[in-house]
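Every read-out reported here was derived from the displayed coordinates using simple, explicitly stated rules and does not represent laboratory data. Small disclaimer: the values here were computed from a predicted structure and weren't measured. Positions of Cβ are generated from backbone atoms using ideal geometry, with glycine treated the same way; all protein chains shown enter the neighbour counts.
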Amino acid sequence: MARRKNTSVFEDLFELAAMLPWWVGTILAAVAYGVLHRYAAAEVPANVAPGQIGQMVAGQMTKALATYGQYIVPLLLLAGAAASYFGRRKREGLVRGVAGDRSGDALRNMSWRDFELLVGEAFRMRGFAVAETGGGGADGGVDLKLQKGSEAFLVQCKQWRAYKVSVNVVRELFGVMAAEGAVGGFVVTSGVFTRDAQAFANGRNIELIDGPALAAMIEKARTASGASTPAEKVAISGGAAMSTVPVTAAVDPSCPRCGGAMVKRIAKQGSKADQLFWGCTEFPKCRGVRAAADRRLSTAP
């Protein structure tokens, strides 16, 4: 990842507002104006005792800074709020463009920056809190940091049209995961992965997402967010036979690893044989599991 350049206080204020929801930045601008205006309007005594000269000078400096700051700080926060608003609209537009493009051209022709924005929005749709780290450009390091509950995940985005993502990229992410204590990671590309990369990721809690998988993930998240079905049939696999049980859609869990849908399955071996559990629908690509409240399969007619 590229080293973050030094920034001024003004740039930091703008970036802070741009990272927050637009309405939060707007509220902060109003609060900042109210606080700074109070100091700007305060009277500073001109005649003071010799021992209070330092206090008078500090008061005058505070008043001068507040006089200018009461306009500059709110304007910076409002500019950041506007950037947040339009950035959000842009992310939603990118999602719609990819979801409505069956040819895949929208994804392949996207700039690396738009690709990162799209990937971040896709993970937000899966219930992750997303922090865009800025990466290092078209071929930088970790681009996104995800949070779901107490678990942290890292994401590398590779907008490569003509190259396969090699095992070195996956190794790099695995090393950063270990250094930062992340429980999992994702490498997302508009291209494809080499077999060595796929082999290295297997069993290391790293999910590799290529272009078609990313488009499918976005479509699934859009469908889930717009679904209002009160109940659904969840498949329970038991050898060659399949049975279904009704489950309330509102309580269906999401996969702790990939955020996708889950189905109830039956453990076939080990100490938990014949017990129900939630398994990811993307198995064996994703091996996320959750415990089921009703662990024993009912034999009642």
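Taking the square roots of 5 times each eigenvalue of the Cα gyration tensor of segment 9-100, largest first, gives ellipsoid semi-axes of 42, 10, 7 Å. Summing +1 for each Lys or Arg and -1 for each Asp or Glu among the other residues whose beta-carbon sits under 13 angstrom from that of THR194 gives +2. In this structure, the residue pairs whose Cα-Cα separation is over 27 Å, taken from LYS148/LYS220; LYS145/LYS264; LYS164/LYS264; LYS158/LYS264, are LYS145/LYS264; LYS164/LYS264; LYS158/LYS264. The order of the peptides 281-292, 121-132 by mean Cβ neighbours within 10 Å, most packed first, is 121-132, 281-292.
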